[in-house]
1. Going out from 0 in 5 Å bins, what whole percent of all Cα-Cα distances in the range 3-82 drops into each bin?
2. Ordered by residue, what ³J(HN,Hα) values in Hz, to whole numbers, does the range 79-86 give under the Karplus form 6.51 cos²θ - 1.76 cosθ + 1.60, where θ = phi - 60° and Gly and Pro are x?
3. Taking 0.36 nm per residue of separation and subtracting the Cα-Cα distance, what length does fully extending Leu134 through Val83 add?
4. Among Pro58, Pro79, Pro68, which one shows the biggest mean-square fluctuation in a GNM of the chain, springs joining Cα atoms closer than 10 Å?
5. Against the longest principal axis of the chain, how steep is helix 7-34, in degrees 0 to 90 to the nearest 10, with axes from Cα atoms?
6. Could you point to the label whose value was computed as percent of Cα pairs over 23 Å apart for the structure here, given (i) 46; (ii) 75; (iii) 37?
7. How far is the Cα center of the range 12-32 from the Cα center of the range 96-166, in Å?
8. Quick one: compute the contact order of the range 3-166, relative version, from alpha carbon pairs under 8 angstrom and 6+ residues apart, as a percent.
Amino acid sequence: MGRRNQFRVLLPIVQGGLAALLGGFGLWQRSVLLSRPGFFDGTTLWDTTARFHVWPWPYKFAAVSNMPALFAGVLLSVPIGAVKPTLPESVQLAPTVLFVLILWSWVGSRLDRRWTVTEKTPWIGLSVFTVVCLVGALIPIGYTGYVFYGVLAWLITAIPFRRMVKATRPPSS
């Protein structure tokens with residue numbers, strides 16, 4: 001089997017691209033919405049509590065489907081934001097994509113232990129996980145409920161995932 005046909009190569013490319021595309025688009029939508037003029041003295045909605053309440057679904061989907069990477073990325077983005085608070089959110093959160101690549105490379109390496117990319121079982125599992133993440137991005141569960149939903153989705157997924165990939169695939173002849 002060629003190196004290009006492995007989960008540890010395919011998943012980081014697909015998930016990293018989706019995270020960058022949808023996360024970036026969601027942050028752009030958020031910026032557009034919050035940059036509208038407010039009610040008093042020409043202030044924008046960034047100056048109000050609206051900034052804590054506006055989270056477009058593309059951003060929420062990228063966050064839920066990559067929650068461990070988002071937490072790791074926040075560890076870098078908080079100091080970046082403290083040093084340079086005028087940077088846009090998208091620039092502060094850009095290092096998160098690196099953690100998305102690391103996360104899905106690790107998940108892919110675990111899948112490679114048991115399955116090949118031509119088998120249906122891992123793709124069905126990944127599709128179900130993606131749908132669960134999409135549901136979490138679309139349902140109204142409070143302003144930050146998507147964070148708890150993402151943590152719960154990853155925890156619930158980790159238990160059967162760990163059991164499934166524990167057994168290593170027998171060497172091919």
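What follows draws every value from the coordinates through simple rules; no lab data is involved. Remember, predicted model here, so these are calculated numbers, not experimental data.
1. The percentages, shortest bin first, are 3, 14, 16, 20, 18, 12, 7, 5, 2, 2, 1, 0.
2. For the range 79-86, the Karplus curve yields x, 4, x, 6, 6, 10, x, 7 Hz.
3. Gain on stretching Leu134 to Val83: 15.0 nm.
4. Between Pro58, Pro79, Pro68, it is Pro79 that shows the largest mean-square fluctuation.
5. 10
6. Comparing each candidate, only (i) matches the computed number.
7. Here the answer is 17 Å between Cα centres.
8. 33
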